[in-house]
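Just so you know, all these numbers are worked out from the coordinates, no wet-lab data involved. Being a predicted model, the structure only gives us computed values, none of them experimental. Glycine gets a Cβ as well: all are built from the backbone with ideal geometry, and neighbour counts include every protein chain shown.
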Amino acid sequence: MRVDIISIFPEYFAPLDVSLIGKARQRGLLDVRLHQLRDWTHDVHRTVDDTPYGGGPGMVMKPEPWSEAIDAVAGSAPEPPRLVVPTPSGRPFTQEVALAYAAEPWLLFAPARYEGIDSRVMAEYGDRLRLDEVSIGDYVLAGGEAAVLVMVEAVARLLPGVLGNAGSVTDDSFAPGAMAGLLEGPVYTKPPVWRGHEVPPILLSGNHGAIARWRRDQALRRTVANRPELAARLDPGTLDKRDRQV
Ligand SMILES: NC(=O)c1ccno1
């Protein structure tokens, strides 16, 4: 997968050089290319923003630098990238969206600063680059860069070969299949007793069927406790009799 990121703070993405993502890049599983938006300005101050039409606080990012940058990166590629713009006013970025992005050969992220990008940029590229305006949560950041880091990590870990243990993906919270719509339950490792806290005996039983049942019960309980709105949306068809007793 190729990932291009256009930003006025490309240095913000240094974390993509470390850990799993860094290793995936070294192994050629992920090709991340960073671009400085100001390289597509033509004034001495390398200006990327201006005051908003209609008045109001803050500044709006000018359309010209963005369109020149996007055209330079995505160009007239026969199979152009999907353009992803992080914004609090976007649709929710969920595990389902991450899975969809992981199936894309090329993503182009356009994190904004200030009050956002002139909306005509989205109108210009909406169809051709399958524009997706997404939000990582109901809060406002100083810019979209942190949201891009979150999305790149959520997507990259789904790529074949990135995680050492592919099973980690199938057991994820929100993963499709048996865990669909459920939060992950508690996890434990050695020692069996720590400061008087015992590991639940079922996990030491070796009874894999009972362990799987216990883990699902715990996932259901945590989902009901922490995300009742998700629990309410669980497909009754996926709940068995035992689930209903939880
Ligand atoms: N919530 C978000 O995704 C976001 C992006 C930029 N600022 O906030």
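Overview of results
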read-out: Environment charge of residue 186, counting only residues whose C-beta is closer than 10 Å and scoring Lys/Arg +1, Asp/Glu -1; value: +2
read-out: Amide H contacts under 5 Å for residue 109, placed H, 5+ residues apart; value: 4, 5, 6, 84
read-out: Other-chain or far-sequence residues with amide H under 5 Å of residue 32's (modelled H); value: 3
read-out: Rounded, prolate or oblate (a/c below 1.5 giving rounded, otherwise prolate when a/b exceeds b/c) for the stretch 126-175 by Cα gyration tensor; value: prolate
read-out: Once the Cα gyration tensor of the stretch 1-93 is diagonalised, semi-axes √(5λ) in Å; value: 27, 16, 15
read-out: Within the chain, helix-based [θ] at 222 nm, where runs of 4 or more DSSP H residues each add -39,500 (n - 2.57), nearest 500; value: -9500 deg cm²/dmol
read-out: Whole-Hz ³J(HN,Hα) from phi, Karplus 6.51 cos²θ - 1.76 cosθ + 1.60, for the stretch 188-205, glycine and proline x; value: 9, 9, 4, x, x, 10, 9, 6, x, 8, 8, 5, x, x, 4, 6, 9, 7
read-out: Difference of contour (0.36 nm per residue) and Cα-Cα distance, residue 46 to residue 2; value: 13.1 nm
read-out: Peptide ranges 106-113, 64-71 listed from the most packed, as the mean C-beta count within 10 angstrom indicates; value: 106-113, 64-71
read-out: Ranked by how many other beta carbons lie within 10 Å on average, peptides 152-163, 92-103, 132-143, 197-208 from highest; value: 152-163, 92-103, 132-143, 197-208
read-out: Mean Kyte hydropathy of 0.5 or more with a Cα span along the axis of at least 20 Å, helices from DSSP in the chain; value: none
read-out: Label-point gap, in nm, between residue 138 and residue 226 - each point 7 angstrom along Cα→Cβ; value: 1.8
read-out: Label-point gap, in nm, between residue 17 and residue 36 - each point 7 angstrom along Cα→Cβ; value: 1.5
read-out: With 10 Å bins from 0: P(r) over the chain, alpha-carbon pairs, percent; value: 6, 25, 28, 20, 13, 6, 1
read-out: Amide H contacts under 5 Å for residue 90, placed H, 5+ residues apart; value: 135
read-out: Cα-derived Rg over Rh, computed across the stretch 56-129 with Rh taken as Kirkwood radius; value: 0.98
read-out: DSSP bridge orientation in the chain - percent antiparallel, rounded to nearest 5; value: 20
read-out: Under the Debye formula (equal points on every Cα, no solvent term), log10 I(q)/I(0) of the stretch 91-130 at q = 0.23, 0.25, 0.34 Å⁻¹; value: -1.00, -1.07, -1.11
